[in-house]
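Participant: Shown below is the structure under consideration.
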Amino acid sequence: MADINAVLGASKEAIDQLIVAGERTGAAWTSSRAPGKWSPSQIVEHVARSLEESANMAAGRPSKFPKLPALVHPVVRGVLFKRVLRKAAFPKAKTNKAMDPASGPATPAEGRARLETAHQKFDEACRQVASQGERMRTTIFGAVPVEDYVRFMELHTRHHGKQIIDRQ
């Protein structure tokens, strides 16, 4: 199992890379590359919301993530969570309505602040779970090692960072 400091460091690195990619988009910050696709601003907002809702789950607060029946947690954990960790890649997928932003931060500087604040909340909540020797209790996958969940979120961030880089 990975060390919480190492995985949170990698997660922060992914956030920093996403910020830099967003800052490089210039005038395209709020423009989508095609109909139905997100702008860099919307991508940043989506990642920030995902981090905040993950922090809510870690802290035992209500989350806007879907609440799947416990019976399906092992299936979704195997089909999505473990697959993403094993392949170090996210499949193409749709998100739930709460994570689908209509807009995002107005400027890359606001996007930076948004992501840094969201990641700080995520970092603190995950460190708290890890310090108690507990597992991350998720509404989608069930209970998973917190270090694995942080890695999953790092890969989620890198997936969206690549979307911004690919449009440059």
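Every number here is computed from the coordinates shown, using simple stated rules; none is lab data. As the structure is a computational prediction, the values presented were derived from the model and not from experiment. Quick reminder, even Gly has a Cβ in these numbers, built from the backbone with ideal geometry, and neighbours come from all protein chains shown.
Participant: Hey, fewest Cβ within 10 Å first, where do Thr138, Thr157 land in order? Walk me through the intermediate numbers first.
Facilitator: Values: Thr138 22, Thr157 26.
Going from sparsest to densest Cβ surroundings: Thr138, Thr157.
Participant: Follow-up question, since we're still on this one. Can you give the FRET efficiency to the nearest 0.05 for Glu13 and Ala102, using r as the Cβ-Cβ distance and R₀ = 22 Å? Don't jump to the answer; show the numbers that get you there.
Facilitator: Values: r = 29 Å, r/R0 = 1.31.
So, using R0 = 22 Å, E works out to roughly 0.15.
Participant: So what is the 222 nm mean residue ellipticity for the chain from helices alone, if each DSSP H run of at least 4 adds -39500 (n - 2.57) and you divide by all residues, rounding to the nearest 500 deg cm²/dmol? Walk me through the numbers on the way to the answer.
Facilitator: Numbers: 6 runs with 94 residues, N = 168.
About -18500 deg cm²/dmol.
Participant: Show me 112-125, 47-60 ranked by packing, highest mean number of other Cβ atoms within 10 Å first. Don't skip to the answer; put the middle values down first.
Facilitator: Working: 112-125: 18.7, 47-60: 20.9.
The densest-packed peptide leads the list: 47-60, 112-125.
Participant: What ratio of Cα Rg to 2.2 N^0.38 Å holds for the chain? The partial results should precede the final answer.
Facilitator: Values: Rg = 15.4 Å, N = 168, 2.2 N^0.38 = 15.4 Å.
So the chain has a normalised radius of gyration of 1.00.
Participant: What whole number of Å gives the distance from the Cα centroid of region 50-106 to the Cα centroid of region 1-20?
Facilitator: 18 Å
Participant: So how do 72-83, 25-36, 87-98, 5-16 stack up, highest first, on mean other-Cβ count within 10 Å? Spell out each step's value before the answer.
Facilitator: Details: 72-83: 14.4, 25-36: 12.1, 87-98: 10.3, 5-16: 18.3.
So the order, starting with the most tightly packed, is 5-16, 72-83, 25-36, 87-98.
Participant: Could I ask something else about it? What length, rounded to one decimal in nm, is gained on full extension from Lys92 through to Val75, with 0.36 nm per residue of separation minus their alpha-carbon distance? Before the final figure, lay out each step's value.
Facilitator: Working: separation 17, 0.36 × 17 = 6.12 nm, distance 1.82 nm.
Length gained, Lys92 through Val75: 4.3 nm.
Participant: What FRET efficiency do you get for Lys82 and Ala28 if R0 is 25 Å and r is their Cβ-Cβ distance, rounded to the nearest 0.05? Working shown, then result.
Facilitator: On the way: r = 35 Å, r/R0 = 1.42.
Using R0 = 25 Å, I get an efficiency of 0.10.
Participant: Quick check: residue separation of Arg135 and Leu68 times 0.36 nm, minus the Cα distance between them. What number comes out in nm?
Facilitator: Working: separation 67, 0.36 × 67 = 24.12 nm, distance 1.77 nm.
Value of the extension gain: 22.4 nm.
Participant: How would region 53-92 be classified by its alpha-carbon gyration tensor: rounded, prolate or oblate, with rounded meaning a/c under 1.5 and the a/b versus b/c comparison settling the rest? Display every interim value, and only then the final one.
Facilitator: Values: a/c = 2.45, a/b = 1.51, b/c = 1.62.
Oblate is the answer for region 53-92, as a/c is 1.5 or above yet b/c matches or exceeds a/b.
Participant: Same structure again: Starting from 0.36 nm per residue, how many nanometres of slack lie between Gln128 and Gln163 once their C-alpha separation is accounted for?
Facilitator: Extending this stretch completely gives an extra 9.5 nm.
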